[in-house]
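Q: Please see the structure below; I have some questions.
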Amino acid sequence: MRKLISFKYPVIAFGLGLASALGFAPLNWWFVTLLCLAGLMWMLMGAARLRQVAGWGWCFGVGHFTFGNNWIATAFTFQDSMPHWLGIIAVFVLALYLAVFPMLAGMLAWSLRRIPVLIEERRRRIERDQRLSKLKGLIPAGMESASVFERTITPSAYAFIPLFAGSWVLTEYLRSILFTGFAWNPLGAIMVAPGSAEPAWIGLTRLVGTYGLSGWMVLLAGIWLLAVLPGAARQRWQRVGWALLVAMLAQILSAWLLRPMVPGDAPRLLVVQPNINQNEKWDPKLQLANFRRLSELTGKPGPKPRLILWPEAATADFLELEPDARARIAGLLGPKDRILLGGDALNFDKAGELIGAHNSLFGLDATGRIFGRYDKAHLVPYGEYLPMRTVLSAIGLSRLVPGDIDFWSGPGPATMSVPGFGKAGIQICYEIIFSGQVIDAKNRPDFLFNPSNDAWFGRWGPPQHLAQARLRAVEEGIPVIRSTPTGISAVVDADGRILKSIPWHTSGAIESALPPPRPATPFALLGNLLPLLFGLLLIAGGIAIALKRR
């Protein structure tokens, strides 16, 4: 029976983690996530030892990331050189690692909450020593401390909420940079539902970034706890009332930061979504049909210049080596049209042997000239390259993208000048999820183009990917345009609003004006320094509360 009881809390924590992932797209049951976070904080506050905090926080993370990243398993169904069931194992193994970060957040908050306790114990110890030195010889041995430690010192429950929020900010940022980073589904994304015109509190990302918004979600979850923490009922509900008032004021600030801009004349966009599935993309027998589908959706040139946007890996041709392929695409353009499309760039050694490739974005004009190229910098481990290839390939593993040559990383965020359409920042697919790493700050673009291949991502991945792209738009104050083979393609303005979109697994094209950018936001100027400062401020506030209530 004792063994069963010892497993009860880890199982509860795991269940809370599973349920918390319901807050992400496509469900966006954010209130469930907040309730689960409140439950986790309640458990961690009651933990007697740090190892309990570590275990429960880790179990929560395993459930949270296993369910939230379930779409990864779908990617393995497109790689026939490996058994498809490896996808399920891969999701769980990844969750075992990612769970370390909620664990660290809980451990840090629990440890910091004990600082006032340690200070008080030290003060009492000093008082005891001073008292004993004055009464030496007057009190029988063994009775010196009977009156000094009669009151138990309890850490402040209220302090844990801001401490955990600040710790979550720091560890979520850490998750985005360690071992190349995996920033997918920051907690703040629970508010960004595909159908929401202006998600609640999203404007705060301009001041504290996405990781700061995640800390704000933890604070909101803490409102549930304020109603049940120790204290008189009237005091508890007063605290809940004040907390709700602060939340409403924060939403008013968010709405003010996203106040509409006056529209003006803008270049025209054409965003193409051909609905070409992953199993069709690389089939040589379907290459001609795939191009025909793209060309039909692109349509004929009109009187106004168009910026045509095709998805990641839109063509299987090697554009730098095949002038006929460039001419075929250029034939779809009017004299002042331009097209941005994804393709591969090959790298050869001095002997002419193929040694690597880049996942690239090319800009072509109506003559077939390549006026710009961007190479993806943040590659997907095991997707676009195989770490420790000599070891892993020997046991039958391969990368998920077809082919045996690994992709090479590009230099990082860059701005491409598109004649007649301004300056484009490019972030290919997965790169868009990394808050604070998507813009060349020295050459700020007018818009971000995010060509992506979400055909790998199953049903849950595409709306989650779109939600994170919308966060980048708000943070940076720059519109984001997404073109994908199977969805969800969208035109997102600089305030994160979806102006037009094409649903998942639907063929179509978006004709739209290019939304204007906003002036550089505080986050665009200072980057992830802001969420880190916000996290430290929350921690300092939590320590101050703990010191006041000791």
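Q: Can you tell me how many residues within region 13-41 are over 20 Å from residue 160 (Cα atoms) and either of a type outside the set (Phe, Trp, Tyr) or more than 16 Å from the chain's Cα centre (by Cα) (or both)? Full working, then the answer.
A: From region 13-41, those over 20 Å from residue 160 (Cα atoms) are 14-15, 18-19, 21-32; that's our starting set.
From the residues that got through so far, the ones that are either of a type outside the set (Phe, Trp, Tyr) or more than 16 Å from the chain's Cα centre (by Cα) (or both) too are 14-15, 18-19, 21-23, 25-29, 31-32.
The total comes to 14.
Q: Sort through 237, 242, 216 and tell me the only one that's among the aromatic types (Phe, Trp, Tyr) and surrounded by 15 or more Cβ atoms within 10 Å (Cβ to Cβ).
A: Just a single option satisfies the conditions, and that option is 216.
Q: In this structure, is residue 459 farther than 17 Å from residue 68 by Cβ and in contact (Cβ under 8 Å) with a residue 40 or more places away in the chain?
A: Criteria not met by residue 459.
Q: Can you name every residue in region 422-456 that is open to solvent by 10 Å² or more (accessible area, probe 1.4 Å) and under 13 Å from residue 363 (Cβ atoms)?
A: 422, 423, listed by residue number.
Q: Scan (1) of a type in the set (D, E, K, R); (2) farther than 19 Å from residue 21 by Cβ; (3) under 17 Å from the mean Cα position of the chain (by Cα) for the single condition residue 198 breaks and write down its number.
A: Every condition holds for residue 198 apart from (3).
Q: Just checking, does region 255-266 include any residue being crowded, with 18+ Cβ neighbours inside 10 Å and either within 27 Å of the chain's Cα centre (by Cα) or within 30 Å of residue 456 (Cα to Cα) (or both)?
A: As a first pass, look at region 255-266 and keep what is crowded, with 18+ Cβ neighbours inside 10 Å: 257-258.
Add one more test, that the residue is either within 27 Å of the chain's Cα centre (by Cα) or within 30 Å of residue 456 (Cα to Cα) (or both), and what stays is 257-258.
Taking every residue of region 255-266 in turn, at least one turns out to be crowded, with 18+ Cβ neighbours inside 10 Å and either within 27 Å of the chain's Cα centre (by Cα) or within 30 Å of residue 456 (Cα to Cα) (or both).
Q: Among the aromatic types (Phe, Trp, Tyr), more than 22 Å from residue 186 (Cα to Cα), modelled with pLDDT of 90 or more and more than 22 Å from the chain's Cα centre (by Cα): does that describe residue 407?
A: no
Q: Go through region 526-539 and give me each residue that's touching a residue at least 40 places away in the same chain (Cβ under 8 Å) and open to solvent by 40 Å² or more (accessible area, probe 1.4 Å).
A: 532, 534, 536, 537
Q: Also, quick follow-up: So which pairs qualify, if the first residue must be in region 332-356 and more than 25 Å from residue 273 (Cα to Cα), the second must be outside any strand (DSSP E or B) and among the β-branched types (Val, Ile, Thr), the Cβ gap must be under 8 Å, and the two must be at least 6 apart or on different chains?
A: If the second residue must be outside any strand (DSSP E or B) and among the β-branched types (Val, Ile, Thr), the pairs left are 354/405; 355/405; 356/405.
To keep it simple, each residue is scored yes or no on (1) closer than 30 Å to residue 313 by Cα; (2) at pLDDT below 90.
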residue	(1), (2)
212	no, no
221	no, no
233	no, yes
249	no, no
266	yes, yes
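Q: Here's a follow-up. With respect to the numbered conditions (1) open to solvent by 10 Å² or more (accessible area, probe 1.4 Å); (2) part of a loop (DSSP other than H, G, I, E, B); (3) within 19 Å of residue 467 (Cα to Cα), which one is the sole condition not fulfilled by residue 48?
A: Status for residue 48: all satisfied but (3).
Q: Also: Going through region 494-543 one residue at a time, which ones are in contact with a helix residue (DSSP H, G or I) (Cβ under 7 Å, 6 or more places away or on another chain) and among the acidic types (Asp, Glu)?
A: 495 - this is the single residue of region 494-543 that is in contact with a helix residue (DSSP H, G or I) (Cβ under 7 Å, 6 or more places away or on another chain) and among the acidic types (Asp, Glu).
Q: Select from region 164-180 the residues that are among the polar types (S, T, N, Q) and open to solvent by less than 10 Å² (accessible area, probe 1.4 Å) and list them in ascending order.
A: 167, 176
Q: Ok, one more. Quick check on my filter: what residues within region 427-453 are closer than 20 Å to residue 489 by Cα, of a type outside the set (Phe, Trp, Tyr) and out of contact with any Asp or Glu (no Cβ under 9 Å at 6 or more places or on another chain)?
A: 427, 431, 432, 433, 446
Q: Moving on to the next point. What are the pairs, 6+ residues apart or on separate chains, where a residue within region 162-175 that is closer than 15 Å to residue 98 by Cα has its Cβ under 8 Å from a residue that is polar (S, T, N, Q)?
A: Cβ pairs passing all conditions: 168/214; 169/214; 172/214; 173/528.
Q: Among what's in region 181-199 and is part of a loop (DSSP other than H, G, I, E, B), of a type in the set (A, V, I, L, M, F, W, C) and under 17 Å from residue 492 (Cβ atoms), pick the residue that is least open to solvent (accessible area, probe 1.4 Å).
A: Of everything passing the filter in region 181-199, 192 is least open to solvent (accessible area, probe 1.4 Å).
Q: Something else now. Among the residues of region 171-183, is any of a type in the set (Gly, Ala, Ser) and closer than 16 Å to residue 30 by Cβ?
A: Scanning region 171-183, I find no residue that is of a type in the set (Gly, Ala, Ser) and closer than 16 Å to residue 30 by Cβ, so the answer is no.
The values are calculated or read from the model by the stated rules, or taken from the named source; none is laboratory data. Here the structure is a predicted model, which means the values were calculated and not measured. FYI the Cβ positions are ideal-geometry reconstructions off the backbone, even for glycines, and counts take in every protein chain you see. Surface accessibility is based on the protein's heavy atoms, side chains included, excluding ligands, DNA and RNA. Shrake-Rupley method; radii C 1.70, N 1.55, O 1.52, S 1.80 Å.
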